[in-house]
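Before any comments, here is the structure.
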Amino acid sequence: MAEITYRQALHDTLREELLRDENVLLMGEEIGIFEGSYKITAGLLKEFGPKRVVDTPIVENGFVGMATGAAMLGLRPIVEIMTINFIVLAMDQIVNHTAKIYSMFGGQCPIPLVIRTPGGGGQQLAATHSQNLEVWFAHVPGLKVVAPSSPADAKGLLRTSVRDNNPVIFLENLALYNVKGEVPGDDYMLPIGKARVTKEGSDLTVISYSRMAAVALDVAHRMEEENKLSIEVVDLRSLRPLDHETILNSVRKTNRAIVFEEDWRSYGIGAEVAALIQEYAFDDLDAPVKRVASLEVPLPYSKPLEVATLTGAKQLVESINELAPRRRRSLS
C-alpha cells in the first residue's frame, strides 16, 4: 500500500469519483482557481472544468441549498465548507431541508449529498475558527456523520459517502491533513456506522474519534510499553449512526471506559457514549465512565492559553491513571 497524507487521500478520492461518475460535482468557496484553502481540490478545476468544479459565492446557506436541489434532481454534489465554523450560516438548509426531504417526500427523493468541512483547534485561529460542532449534526435524524482519523479511513469513508444516497456530513480535522499513513488502492470503501478497534487491550477502553483517536492510539502504545497497561482503543469513525455493538463489546471486556474528545464536555459525543454504556453495560463496569474533553470556553488566540484549553495526551494519561489506580504511573 502507498503511504500518503490525509490531504492526498481526500484529493485522490475526489478525483477518482469525478472520473467514475459524471453526476459527481464539487462546490465550494475558492475550491477551483485557488484550489481550496487546504489544497484538497488542487488541479481538479483544470482537469474537470467549471461545470464539475464550481467556485461559489461566499454564501453558505445559498450554495448548500443549491447542492440540495441538485441532489434532488439526480446529481451527486460534494460541498466543501471552508471550515466547520462557517457551517452555522447553512444550518437552516442542512437541518430543515437537506436532512428532512427524503422523509417528508415519503422516500421518493434521495439526497446524495456530501458536505466536507474541517474543524478542530490547535492552529492558533482563535475562538470563531477553532470549533468542534459535530454534535449538532449527530443529533439530527436524516443525516449521517463521519469523522475519519487516518488517511486510509479518509479515503474509505469519503468514497462510501459519495456513493450513499443520504446526506453525509464528512468531518475532517485541520491537524490531520499532513498526517501520513498507508492507504489501500483500487476501489477501497468502508461502511458508515462501523467503529474500529485500533488496538486490542484488556485493562481499559478509550473511545474516541477524529484526531483524538490518533492521540489515544499513541498514548495507549506508549503506556503499554512503559507501564505494562493494556489499553483498548475504539475509533468511532461514524458518529451517526453510532456503532453500539463495538463500543459495548469493548467495555464488557475491559470493564472500564474513557471517552476522549476535542469537543467541549457538556452535551457532547462523549455524553452520548457514556449514556449508552450506562444504559446497556452498567453491570459490566468496575468504575464510572470518564469523559476527557477541552475546557468549556471560547478558544483563546494566545498560544499558551490555547494549549491550556485544549485536551490532549497529558489529560488522557491523567485520566487513565485515575481509572486504573493500581497501575498508576507517569508517562514521560
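Okay, residues lined up against (1) in the same structural domain as Ser161 (by TED's automatic domain parsing); (2) at negative phi; (3) part of a helix (DSSP H, G or I):
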residue	(1), (2), (3)
Leu10	yes, yes, yes
Phe34	yes, yes, no
Ala42	yes, yes, no
Leu45	yes, yes, yes
Pro57	yes, yes, no
Gly69	yes, yes, yes
Gly74	yes, no, no
Met82	yes, yes, no
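Yes or no, residue by residue, for (1) outside the structural domain of Glu16 (by TED's automatic domain parsing); (2) closer than 19 Å to Leu236 by Cα:
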{"site": "Pro110", "(1), (2)": "no, no"}
{"site": "Thr117", "(1), (2)": "no, yes"}
{"site": "Asn132", "(1), (2)": "no, yes"}
{"site": "Ala213", "(1), (2)": "yes, yes"}
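Which of the helices (runs of 4 or more DSSP H) contained wholly in the stretch 225-332 include at least 3 residues that are small (Gly, Ala, Ser) and under 25 Å from the mean Cα position of the chain (by Cα)?
In the stretch 225-332, 269-281 are the helices (runs of 4 or more DSSP H) which contain 3 or more residues that are small (Gly, Ala, Ser) and under 25 Å from the mean Cα position of the chain (by Cα).
Residues in the stretch 109-140 that are within 18 Å of Gly36 (Cα to Cα) and of a type in the set (Val, Ile, Thr): how many?
Residues that pass the stated criteria total 3.
Which of the following residues is at pLDDT 95 or above, surrounded by fewer than 22 Cβ atoms within 10 Å (Cβ to Cβ) and touching a Lys or Arg at 6+ places or on another chain (Cβ under 6 Å): Glu80, Glu3, Glu16?
One residue alone meets the criteria, Glu3.
So Asp186 clears everything in (1) on the phi < 0 side of the Ramachandran plot; (2) assigned to a loop (DSSP other than H, G, I, E, B); (3) over 13 Å from the mean Cα position of the chain (by Cα) except one condition, right? Which one?
Evaluating Asp186 over (1) on the phi < 0 side of the Ramachandran plot; (2) assigned to a loop (DSSP other than H, G, I, E, B); (3) over 13 Å from the mean Cα position of the chain (by Cα) leaves (1) as the failure.
Which one of these is closer than 30 Å to Asn178 by Cα and touching a strand residue (DSSP E or B) at 6+ places or on another chain (Cβ under 7 Å): Ala214, Ala220, Ala308?
Criteria check complete, one pass: Ala220.
Any residue in the stretch 145-158 that is buried (at least 17 other Cβ atoms within 10 Å of the Cβ), in contact (Cβ under 8 Å) with a residue 12 or more places away in the chain, outside any helix (DSSP H, G or I) and more than 13 Å from the chain's Cα centre (by Cα)?
no
Can you find even one residue in the stretch 122-135 that is touching a His at 6+ places or on another chain (Cβ under 9 Å) and either without any contact (Cβ under 8 Å) to a residue 60 or more places away in the chain or surrounded by 18 or more Cβ atoms within 10 Å (Cβ to Cβ) (or both)?
Scanning the stretch 122-135, I find at least one residue that is touching a His at 6+ places or on another chain (Cβ under 9 Å) and either without any contact (Cβ under 8 Å) to a residue 60 or more places away in the chain or surrounded by 18 or more Cβ atoms within 10 Å (Cβ to Cβ) (or both), so the answer is yes.
Restricting attention to the stretch 159-179, which residues are farther than 17 Å from Asp235 by Cβ, surrounded by fewer than 24 Cβ atoms within 10 Å (Cβ to Cβ) and over 12 Å from the mean Cα position of the chain (by Cα)?
Within the stretch 159-179, Arg159, Arg163, Asp164, Asn165, Asn166, Tyr177, Asn178 qualify.
Return a yes/no flag: does the stretch 257-275 have any residue that is assigned by TED's automatic domain parsing to the domain that holds Thr205, crowded, with 16+ Cβ neighbours inside 10 Å and over 29 Å from Ser161 (Cα atoms).
yes
Out of the residues in the stretch 198-211 meeting the condition of being of a type in the set (Ser, Thr, Tyr) and either in the same structural domain as Phe170 (by TED's automatic domain parsing) or under 22 Å from the mean Cα position of the chain (by Cα) (or both), tell me which one is surrounded by the most Cβ atoms within 10 Å (Cβ to Cβ).
Tyr209
The values are calculated or read from the model by the stated rules, or taken from the named source; none is laboratory data. Just so it is clear, the model here is predicted, and its values are computed rather than measured. For neighbour counting, all protein chains shown are included, and Cβ atoms are generated from backbone atoms with ideal geometry for every residue, glycine included.
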